[in-house]
1. Give me a count of the residues in segment 22-56 that are over 30 Å from Q86 (Cβ atoms) and loosely packed, with under 13 Cβ neighbours inside 10 Å.
2. If S35 passes every condition in (1) modelled with pLDDT of 90 or more; (2) within 25 Å of M1 (Cα to Cα) but one, which one does it miss?
3. Which numbered condition in (1) farther than 30 Å from S15 by Cα; (2) in the same structural domain as V17 (by TED's automatic domain parsing); (3) at pLDDT below 90 is the only one that D66 fails?
4. Does any residue of segment 4-18 turn out to be under 16 Å from the mean Cα position of the chain (by Cα) and surrounded by fewer than 18 Cβ atoms within 10 Å (Cβ to Cβ)?
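The values are calculated or read from the model by the stated rules, or taken from the named source; none is laboratory data. The structure displayed is predicted, hence computed values, not measured ones. A quick note on method: Cβ atoms are made from the backbone with ideal geometry, for glycine too, and the neighbour counts reach across all protein chains shown.
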Amino acid sequence: MCPFGLFVDETSSFSCVSKCPKGTFADTKRGYCVSRCPSGFFADYESSYCVNFCPNGYYGYVNEKDEKNSRFCLADCPAGWFADPQTRMCATSCKAGLFADPEARSCVEMCTNKNYFAVAEDWTCVLNCPTGFF
């Protein structure tokens, strides 16, 4: 076990390090550098720590298909996902009251791109008004 503030690096002869090597994250509960953060934590690539909540400007992303790290912090949500400013998470849809803006990849109060129309039925920003709408 390492002194407080240092972490066991299993990739280098179990030495104590102050910053975990690239691709690993400091698990403050166990005191180890880990390749996958414990359940309920996000891998923060900026700080190389396992965190409960992503830092400002980053959004929690849960990828069920990624076996190595299924929960991590991203500055921009991937295509098809939207940054929810209220939960600070990437989501596949936005909550009622926020529109899914595909260009900004975020949930917005108003569709900001002058080429987009807001569709309240499914809370999305679209390029063309759906049939029957003006």
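1. The number of residues fulfilling the criteria is 1.
2. That leaves (1) as the condition not met.
3. (1)
4. No, because not a single residue in segment 4-18 is under 16 Å from the mean Cα position of the chain (by Cα) and surrounded by fewer than 18 Cβ atoms within 10 Å (Cβ to Cβ).
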